[in-house]
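Visitor: Got a structure for you, questions after.
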Amino acid sequence: MSTFLTSTFMHNVFGGLAQGVVYSLVALSLVIIWQSTHVLNFAQGAMAMFATYIGMTEIDRGIGYWWCVIISVAVGMALGGVTERVLIRPLYGKPEINPIVVMVGFLGIIEALAAAIWTSTTRNIAEPFSQIFYHANGKLVYLSPFIIFQIILAIAIMLAVAALFRFTRLGLQLRASAMAPEVSRLLGIRVSRMLTFGWMLSAGVGAIAAVITASATFGLFPTDMDGIFVAGFIAAAVGGLESPIGAVAGGLLIGLAEQFILSYWSPNVAPLGGIIILVVALMIRPQGLFTKTAGRRV
Amino acid sequence: MDWWRSFFRQESTHSRLLGVAFLTAVTLAITIVLPPVANGDLARGAAVAIVILGLSWLIGWSGQISLGNSAFMAVGAYTAGIWARHHTTTPLILTLVLAMVFGGLAGLIIAIPSTRLRGPYLAGLTLAFAAAVTPIAQNFTSITGGEGGIFMNSLVTPHWFGQLFHGTYASIDANSQWLADLSVVIAGISFFFMANLFHSRSGRAMRLVRDNDVAAELMGVNLSRARSSAFMVAAAYAGVGGALYALLQASVTPETFPLTLSITLLTLMVLGGIGTLSGAVIGGIIYSFSPDLVARVNSLTGVNPTSNLGANMQGIIFGALLILTMLFVPRGIASIKTPIQKLLRTRRPRPKLPDAAEVI
Amino acid sequence: MNRLRRSATLLSVSALALGGITTGLLSSSAGAAGSTPGVTANSITIGASVPLSGIAASYAPVSAAANAVFKWVNAHGGVNGRTIKYIRLDDCYDLASYGLGCTAGASVTTLSQNQVLVAQDHVFATVGSLGTAAEESVESYLKQNGVPQLFVNSGSKAWDNPSQYPDLFGYQTSYNAEGKIFAHFIKTHFAGKTVGFIGQNDDFGANGLLGLTDGGVTVASANALTYNAADAITGSTSDIQADVATLAQDNAQVVVLDSVPGFTTGILEVAHALGYSPTWIISSVGADPTSVNYAGEAGAYTLDYFPSVTDTGDPWIPWVRKVLLADKADFPKITASSILTGNELYGAGFAVAFVEALKAEGKNVTRAGFVAAMKSTTYADPAITPLKYSASAHQGLTGGVIAKIAANGSKAPVEAIPVNGTVFSTGNSASSPLKSTTTLTISPIPAWLKG
């Protein structure tokens, strides 16, 4: 058993899953926004990073790691809500390039602000779980307490979101507002509030992804989430922007693809894993990546 | 005033040629009075303006959102670099034509999966391609020189041009003005071809594809061919601009064309004015002189340029400008009607044609 | 339509004609024809593009120390009646677009800063610019404009190319030479042991490994590991963990590191956490104890071409301290008992060499004359191995001593101490022989510099 666990194959599986859950979280956050407002938030990664910076600077004040996580998520949610109200609300009904460009501008401004406020060098965070890999018979098993925590946290969040949508009234209202806004209004659902809440939820999920990333690397850079956002977006596109489960599966798939490419080909080309998957997915479904929804949005 | 009006309406190839030639000549005159460092900035701005123009055609006229044009710049730049490594003396025109061809090919390849997609999916796919540039350039070392990149010889000032300059710093002044003049002329030629494209049947067909693809198909336009050709043209322009940029820098590395450049190109295009020639020029000018602009803002607001805030001012200003432009002036600076333009407006009622700026 | 054509043609032609005339009128620049840029009767202007902020800002003290030396020389009469003006421009290691604490501005590049130095500040030469890729990106531009590129701060052998770049000179021992010297050390003291290597995947790591191989040490390909130099920007410990773990599993007893200080720290920390402690041999680039700042570095070996900072027998150490103390602007925190760092000795080193060559050239300073003086001067400088340039050798220093990082209790070490005082030197190619001598070069400080 231990030989299996320490094999190169399992090394890649663990590594791929660890990174893949982060992509899944980002993909999920994008799907939430898309499903509720049909806008793609290009600034998602940057907003999440900004919220994490705020949370992580609190560590300097001496409060615990968990409080930082909570603060990061809370700030992320607030940021998401404000963004929807101020930037996106005026653009409903306009051509679809408008919100994309506005969010791209928002991305730039957030990253520059983060660098301006917090010095764009590594910000190290003492993570609560060790990142040193386990040993088995003198060889490494590429799992550490932190990686296990990361995977469990991500799965917990995804399940919580799924439960929210499936089993709660709030989730039902969110889905209704997205699918049939006029009817929902007639039924007494505060649709505009649901839109804002959709953004808040999405931003909160994205913040978790940023918190995990910040804890895992040398620290946090303002541009850290860019690559993760791209991979998360690809995951969402592969899985279908309409399908949360697709997003999660897409994220894991891309994480695994990148890790296997890193191991068997070259570390430099790992980011291509996502692109290869995306192009292959397109070949398999040549009619495009739309899942079955009524009518095509042109 | 009819002839003056029709001159600016660019209603014939001839008037377009003269219009572009005139503006090019004026810009060349400007390069004479600019100091060498500013000429360097202007040269780079001209290269970027070419890329923005291609992007404008793709996004503004064919309605396809692409965030990947920095990848096409990289293709053009690496083509120039690899060619320069094997052929140290090549006429510049040949290098640029090669960059254009390879850029166009890359555009065609990427168009195959892309033209089926819409909106955010298309944006995301092109984003992924732009993100792939750095890893690919880093990895295929034998072709791209890997992490270190390719270093080329600086473009040489021709003897006859250098003779026009005197004084201790003659060679420096000559060199920087030569590069600026070269870039401006190349940009002028590129703009001329694009102006023709705007006013051609392809241009009208492209707008129809953008606004009402069902009608376009009914009229016999092959949708996927039109969309692919838009990609190819944009990529070819980006290839030329990227190659010129790399030649001005005398180097190309995996870090020369990062993902953020694609976003910068989009920003400049939107600020300048999407789908217009003047928009691309304005975008190029903003690119050239943004460090000066930022320094001006820093001194006006009393921010220390070497503080963290001062250093990141450019990102903050650009991001804010992009958001404000999109919310309040979506057609960009080029759409702001100056008094001169208002004077030239015809009083005859004209049929309402959809024009490029109606994408926004 | 004819009127249109005529008018437009007229306008274009006149614009071009105007252009032609004003070209002739405006193009005479200031300065007499034939005079050397950057040189006047009583001053000489030189410049450098260096990382003053950003990811490589830890190297900023190098050029600051050089500046201190120039200020010292100016205060003591200058060189042949000229004061030296040293313009240092921040190029953020040519990575300004990544942000990373760079305060020079996002669109700054090494090339753009060198264009400012050459076309705006009209420098005589660049002196002590830093960075391999950064300086390679400007060598063509500088050559085309006839500007000498002197004392480049980098261990690449790219500066040793007299046939193609006759006005380009390096300063420090190359990575290749260093690798060959390490190889000799390994063969002498660790014969038969498995050797591992972790280095950057660029010129630095590649040439360091090549030097080892040229010097006769075989590193099994599975143990010759690289990390992405770009990871220094957004690093992740999992990459280093994988590398270190591979070496640990293969039981590599000697590990050579060609890494920058930040990554040296990371590698040592990860190895410690894994319970793996081989003999570390760290490149001079990444071994400076002050930069690495890790107690566990004690016991590692490195190559030194400057004296140990606590060597009381070397007159250069107190002299450099005196010079830095006099420069309050660049070194506000230094005191009479401060321990110098390798970066400061390095900067003082090439600055001293520059002024000595300038003095040797005499009153009449030209670029060609200076380059000739560089190659004929015998330098009296802080380095413990001779500094020599010739028509065929532009590298500069060619060797050093093997030194050991000394423990400092539980705190981070502060110095490296020569192991047995043998100074090695060798050329960059595989065939150039390894020479050794047991005398450290300690040149006396010239009287006119002493002050």
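Laboratory data are not the source of any read-out in this text; all were calculated from the coordinates shown. This is a predicted model, so every value here is computed, not measured. Note that we place each Cβ from the backbone using ideal geometry, even for glycine, and neighbour counts take in every protein chain shown.
Visitor: Rounded to the nearest angstrom and ordered from largest down, what semi-axes does the equivalent ellipsoid of chain C get from its C-alpha gyration tensor (root of 5λ)?
Guide: Here the semi-axes work out to 42, 28, 20 Å.
Visitor: Between C:A326 and C:T378, take the C-beta separation as r, use R0 = 22 Å, and let me know the FRET efficiency to the nearest 0.05.
Guide: Once rounded, the FRET efficiency stands at 0.25.
Visitor: So, one more: Report the equivalent ellipsoid semi-axes for the stretch C:182-221 in whole Å, largest first, defined as the square roots of five times the eigenvalues of the gyration tensor built from alpha carbon atoms.
Guide: 18, 10, 8
Visitor: Another question about this same structure. Picking from B:A215, B:A137, B:A128, which is most flexible by a Gaussian network model of chain B using Cα springs under 10 Å?
Guide: With Cα springs under 10 Å in chain B, the top fluctuation among B:A215, B:A137, B:A128 is at B:A215.
Visitor: First measure r as the distance between the Cβ atoms of B:S335 and A:Y134, then evaluate 1/(1 + (r/R0)^6) with R0 = 60 Å and state the FRET efficiency to the nearest 0.05.
Guide: 0.45
Visitor: Show me the ranking of peptides B:254-261, C:427-434 by mean Cβ neighbours inside 10 Å, starting with the highest.
Guide: Top of the packing list down: B:254-261, C:427-434.
Visitor: Just counting partner chain Cβ atoms within 10 Å, what average do the residues of peptide B:138-149 show around their Cβ?
Guide: 5
Visitor: How do the peptides B:22-29, C:213-220, B:233-240 rank, highest first, by the average count of neighbouring beta carbon atoms within 10 Å per residue?
Guide: In descending order of packing, they fall as B:233-240, B:22-29, C:213-220.
Visitor: Estimate the FRET efficiency between B:H86 and A:L186 by the formula 1/(1 + (r/R0)^6), using the beta-carbon distance for r and 60 Å for R0, to the nearest 0.05.
Guide: 0.25
Visitor: Sticking with this one: Using only Cα atoms and rounding to the nearest 10 degrees, what angle (0 to 90) does helix C:175-189 make with the longest principal axis of chain C?
Guide: It is inclined by approximately 10 degrees.
Visitor: Which value, in Å to one decimal place, does the Kirkwood hydrodynamic radius take for the stretch A:2-284 when every pair of different Cα atoms is included?
Guide: 19.4 Å
Visitor: For the protein assembly as shown, list the cysteines whose Cβ sits under 4.7 Å from no other cysteine Cβ?
Guide: A:C68
Visitor: Sort A:189-196, C:200-207, C:357-364, B:177-184 by packing, meaning the average of other beta carbons within 10 Å per residue, with the highest value first.
Guide: B:177-184, C:200-207, A:189-196, C:357-364
Visitor: Right, another one. Extension gain C:K363-C:A407, at 0.36 nm per residue separation less the Cα-Cα distance, in nm?
Guide: 10.9 nm
Visitor: Moving to a separate point now. Quick check for me: using +1 on Lys/Arg Cβ and -1 on Asp/Glu Cβ, what's the dipole size of the protein assembly as shown about its Cα centre, in debye to the nearest 20?
Guide: With only Lys, Arg, Asp and Glu charged at Cβ, the dipole is about 3940 debye.
Visitor: For peptide B:155-168, what's the mean number of Cβ atoms from other chains within 10 Å of each residue's Cβ?
Guide: 3
Visitor: Please compute the Cα-Cα pair-distance distribution of the stretch A:139-219 with 10 Å bins starting at 0, giving whole percents from short to long.
Guide: So the P(r) values, bin by bin, are 16, 36, 24, 15, 7, 2, 0.
Visitor: Among DSSP beta bridges whose residues both lie in the protein assembly as shown, state the antiparallel percentage, nearest 5.
Guide: So the antiparallel bridges amount to about 45 percent of the total.
Visitor: Evaluate the distance, in nm, between pseudo-label points positioned 7 Å from the Cα of B:S171 and of C:T218 along their respective Cα→Cβ axes.
Guide: Output for this residue pair reads 5.0 nm.
Visitor: How crowded by other chains is C:268-277, given as the mean number of beta carbons from other chains within 10 Å of each beta carbon?
Guide: 1
Visitor: Highest GNM mean-square fluctuation, chain A, Cα pairs closer than 10 Å: which of A:L40, A:L272, A:L253?
Guide: Among A:L40, A:L272, A:L253, the largest mean-square fluctuation in the Gaussian network model of chain A belongs to A:L272.
Visitor: Treat each spin label as a single point 7 Å out from the Cα along the C-beta direction, and report the C:N293 to B:H159 distance in nm.
Guide: According to this spin-label approximation, the distance is 5.8 nm.
Visitor: Using only DSSP helix segments of four residues or longer, with each worth -39500 (n - 2.57), what per-residue ellipticity at 222 nm results for chain B after dividing by its residue count and rounding to 500?
Guide: -23500 deg cm²/dmol
Visitor: Modelling each spin label as a point 7 Å along the Cα-to-Cβ direction, I'd like the B:R201/A:M179 distance in nm, to one decimal.
Guide: Placing both labels 7 Å beyond Cα along the Cβ direction yields 4.8 nm.
Visitor: Something else now. Under a GNM of chain A (C-alpha, springs under 10 Å), which listed residue has the highest mean-square fluctuation: A:A156, A:A114, A:A236?
Guide: Looking only at A:A156, A:A114, A:A236, the largest GNM fluctuation is found for A:A156.
Visitor: So how tilted is helix C:367-376 from the main axis of chain C? Cα-based, degrees 0 to 90, rounded to 10.
Guide: For helix C:367-376, the angle is close to 20 degrees.
Visitor: P(r) of chain B in 10 Å steps, Cα pairs, percent per bin?
Guide: That works out to 5, 23, 33, 26, 11, 2, 0, in percent per bin.
Visitor: Which value results when the Cα radius of gyration for the protein assembly as shown is divided by 2.2 N^0.38 Å?
Guide: 0.97
Visitor: Could you pull out which residues in the stretch C:430-451 have an amide N less than 15 Å from a spot 7 Å beyond the Cα of C:A336, following the Cα-Cβ vector?
Guide: none
Visitor: So which of C:K71/C:K363; C:K157/C:K193; C:K85/C:K450 end up more than 27 Å apart, counting from Cα to Cα?
Guide: Over 27 Å Cα-Cα: C:K157/C:K193.
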